[in-house]
Amino acid sequence: MCGPNSALGLEDAERELWPELRDRLRQPGQLMALMRGVLGGDAEVATVTAVTPAGVVRPLAILATPVIADEIDLDDSGDTQATGRIGDYDVDVLMTDQGGVRRPAAVLVSPWIFENLTLYARKLWSRR
């Protein structure tokens, strides 16, 4: 039902970024997916993930929504990728050009981001 360019259920900004991020982060032999969720009650995030044929999901990047983009302090702004900080943590950021304006597209998942996503997921699952 969902084709290679499907963007069902995505916000407009996510819909615009999805084809670019899917192609830039593609993992050969794995399904690419965009998953949305709510962390901490009100912080909505979208993650670009790779799914193995066995069903193992691995987050690759978090979309830089306006709220997340505001938290990024860019140090080095390369053409397609930049380095920066979110709070006390170093991050790698994929950059995009939208309407002639360069802006963060996604934050690549680092060990501390993976750990926090895992802790949030466990917390949510334990409430069931």
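The values are calculated or read from the model by the stated rules, or taken from the named source; none is laboratory data. These figures come from a predicted structure and were not determined experimentally. Using ideal geometry, Cβ is built from the backbone for each residue, glycine included, and neighbour counts are taken over all protein chains shown.
For segment 1-11, check the following and say yes or no: at least one residue is aliphatic (A, V, I, L, M) and at pLDDT 90 or above. So far as segment 1-11 goes, no, none of its residues is aliphatic (A, V, I, L, M) and at pLDDT 90 or above.
In this structure, is V93 under 12 Å from the mean Cα position of the chain (by Cα) and touching a residue at least 24 places away in the same chain (Cβ under 8 Å)? Criteria met by V93. Among residues of segment 61-117 being over 19 Å from G37 (Cα atoms) and assigned to a loop (DSSP other than H, G, I, E, B), the one that is modelled with the lowest pLDDT is G78. Just one of (1) in a strand (DSSP E or B); (2) at pLDDT 90 or above; (3) under 18 Å from P104 (Cβ atoms) fails for D23. It is (1).
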